[in-house]
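Working notes for the structure below.
The values are calculated or read from the model by the stated rules, or taken from the named source; none is laboratory data. The structure displayed is predicted, hence computed values, not measured ones. Heads up, the Cβs are rebuilt from the backbone with ideal geometry, glycines too, and the neighbour counts pull from every protein chain shown. SASA here: full protein model, heavy atoms, side chains in, ligands and nucleic acids out. Shrake-Rupley method; radii C 1.70, N 1.55, O 1.52, S 1.80 Å.
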Number of protein chains: 2
Amino acid sequence: MAASLPVLTVATPWDNAEAWRTALAEAAPEFDVRLWGEAPDPARVVACAVWHPPALLFERCPNLRVVHALGAGVEHLLQRSEVRPDLPLLRLVDPVMTERLAQWALAGTLFFQRRFDRYLRQQRERRWLRHDHEDAGETTVGVLGLGVMGRAIAALLRRNGFQVIGWSRLPKELPGLGTWSGSDGLRAVASRSAILIAVLPLTGDTRSILDGDLFAAMPEGGFLINAGRGDHLVPADLMAALDTGRLDGALLDVFPVEPLPADDPLWHHPKVFVHPHAAAISNPRTGAIAIAEGIRAVLRGERPANLVDRERGY
Amino acid sequence: MAASLPVLTVATPWDNAEAWRTALAEAAPEFDVRLWGEAPDPARVVACAVWHPPALLFERCPNLRVVHALGAGVEHLLQRSEVRPDLPLLRLVDPVMTERLAQWALAGTLFFQRRFDRYLRQQRERRWLRHDHEDAGETTVGVLGLGVMGRAIAALLRRNGFQVIGWSRLPKELPGLGTWSGSDGLRAVASRSAILIAVLPLTGDTRSILDGDLFAAMPEGGFLINAGRGDHLVPADLMAALDTGRLDGALLDVFPVEPLPADDPLWHHPKVFVHPHAAAISNPRTGAIAIAEGIRAVLRGERPANLVDRERGY
């Protein structure tokens, strides 16, 4: 490996760190790509691709010029003072991840709309009972968060015949999609949605946004799907809404602490479906291409599309 | 009610008989539409819309000229000698039912492809473990049966990015869809399919077609979805295939005896998902329109598209 190349270092606690290193070495041959523990000389590190990286990385690399997250949510990086405000921070927007998330949201929507949840409970009791259901064209799905992910989900659901509406914190106009914003708008969307799908960024404004007030605004027997962050949800409010029948099911892919602790009551609530943060597993092969492009843009002095706005929080 | 109108009688053990009667009265105002027990004079009955009808209906109605099934599968009517060969027999092809079945097949496909089945089992053990998955474009789904239903399923899966191939007993050419036929063709489709979806008519040729030989031809860890008839499947072979890992899951909507008896081992097999014949609940409102058109065509002396070919069996 060319000893004179600048170093791009990979730091993540995931077990696919080596897959990321290999994919980045292929996508960015102008760098010497190394796992953080194997970086030869911190002074040569100019870029890093990270997820929950060690503080040492930022302290020891005086020539670090760009930080690229290995995922879409960057709140864990924004909370850390080592990631200095002058360091450009990029989040991963990978078309394969976006497609995977949209498909998972469709899978969850169909799971509830076609009552797979209810038939699972009936099966445990060996109970044979058909339930009629609303067809897709009669089912309104509200998407909370209208970034790249939310828009992809809305488009896929509409292609499959669902009525889709959307909400974002700040007003957003999207062709053909009814959208609302602000807190009044949130209640308006909730009141119209048989199914709510949350893919919000985690900021001070969105923390605990999925709470009892929101569930109270939804039609009786609604469903919640959360693929944003665990801290968007107030779990006690969700379980109360499920127990009173206000909501009839929830599919959760994200939790305040991951892995979800073994004693968490969400694990065994009969109307909660727990997925292990698997809705949009990032794909090193395609993700590395996006990361290489973002890092190159910053080093050329350009402003990449997925640069994090630290004021906004995503 | 005009006493001189010819009578269309509705005979079904389902609890929605009255909904069918009302919908047919609206769709076919040229008839006096009556439930079988309330038909005023058997000699006035010229048409019937039935599901598991009483033998008496055929014996007592000398002027009966057309029999319309209230569902898509008519093997139970073909087995009965009262349904004389000279009586035109029609099966229900309702666009709403077709759409519902296709959507259910998509829901089942996503359920397995995105491993909702596996995460359900993990949740019971409070186990947090992500599994990577093949994307839709890398997943081949084989559709067995290429009638109206099978073609609708194939089209919807393709619109959602899946690789789809098909099989029918007799050769069929469909634009853009790789198809096979005959028993060699069946093995060829099975060997290429991560997921097999069966929507076959029940005939002497297709009874017990979903058996150990078929499962042995599939790739390791495949999935079966059956929405045809229960007698297509050899349940013992399915459970053996699931227990050895040859198959990794099955979603069944149909059974030889329905409701599925409480002591049937399929109820509690951890890799079998039992639905109560709910994949394509027929819709009286739209179904009645199709039935009225079919009956009118026969009475005008035309040959409707959904006339059952008794030789073929569907």
Ratio of Rg to Rh over the protein assembly as shown (Cα coordinates, Kirkwood Rh, two decimals):
1.05
Please compute the per residue accessible area over chain A with all protein chains in place, 1.4 Å probe, rounded to a whole number of Å².
41
Structure-based [θ]222 nm, chain A - -39500 (n - 2.57) summed over DSSP H runs of at least 4, per residue, nearest 500
-10000 deg cm²/dmol
Sort largest first and round to whole Å: the equivalent ellipsoid semi-axes of segment B:217-314, each the square root of five times a Cα gyration tensor eigenvalue.
36, 16, 12
What distance in nm separates the simple spin-label points at B:Glu293 and B:Leu307, each placed 7 Å from Cα in the Cβ direction?
1.7
Kindly provide the Kirkwood hydrodynamic radius of chain A in Å, to one decimal, from all pairs of distinct alpha carbon atoms.
20.9
What angle, in degrees between 0 and 90 and rounded to the nearest 10, separates the Cα long axis of helix A:148-159 from the longest principal axis of the Cα atoms of chain A?
40
Given 20 °C and 1.002 mPa s, how large is the Stokes-Einstein diffusion coefficient of segment B:1-45 in µm²/s, with Rh as the Kirkwood radius over Cα pairs?
204
Report, for chain A, the % of DSSP beta bridges that are antiparallel, rounded to 5.
5
Over the whole of A:273-280, what's the average partner chain Cβ count within 10 Å per residue? Rounded to a whole number, please.
5
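Let me make sure I get this right: for segment A:271-314, a, b and c are the square roots of the gyration tensor eigenvalues over alpha carbons, sorted descending. Under 1.5 in a/c it's rounded, otherwise prolate if a/b > b/c, else oblate. Which is it?
Details: a/c = 6.01, a/b = 1.76, b/c = 3.42.
The shape class here is oblate.
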Is there a simple number for the mean count of other chain Cβ atoms within 10 Å of the Cβ of residues in B:122-134, and what is it?
5
Using alpha carbon centers only, segment B:189-240 is separated from segment B:273-314 by a whole-angstrom value of 25
Over segment B:1-145, with every protein chain in place, what whole percent of the accessible area is carbon and sulfur at 1.4 Å, could you tell me?
51
Return the loop-located trypsin sites (Lys or Arg not before Pro) in segment B:61-91 (DSSP other than H, G, I, E, B) with at most 14 other Cβ atoms within 10 Å of their own Cβ; answer none if there are none.
B:Arg80
Rounded to the nearest angstrom and ordered from largest down, what semi-axes does the equivalent ellipsoid of segment A:76-176 get from its C-alpha gyration tensor (root of 5λ)?
36, 19, 11
With a cap of 16 neighbouring Cβ atoms within 10 Å, and only residues DSSP puts in a loop, list the GluC sites (Glu not before Pro) found in segment B:57-132.
B:Glu82, B:Glu125
Roughly how large is the B-A contact in terms of buried accessible area, totalled over both chains, probe 1.4 Å, nearest 100 Å²?
4400
With viscosity set to 1.002 mPa s and temperature to 20 °C, compute the Stokes-Einstein D of segment B:131-184, Rh being the Kirkwood radius across alpha carbon pairs; µm²/s, no decimals.
185
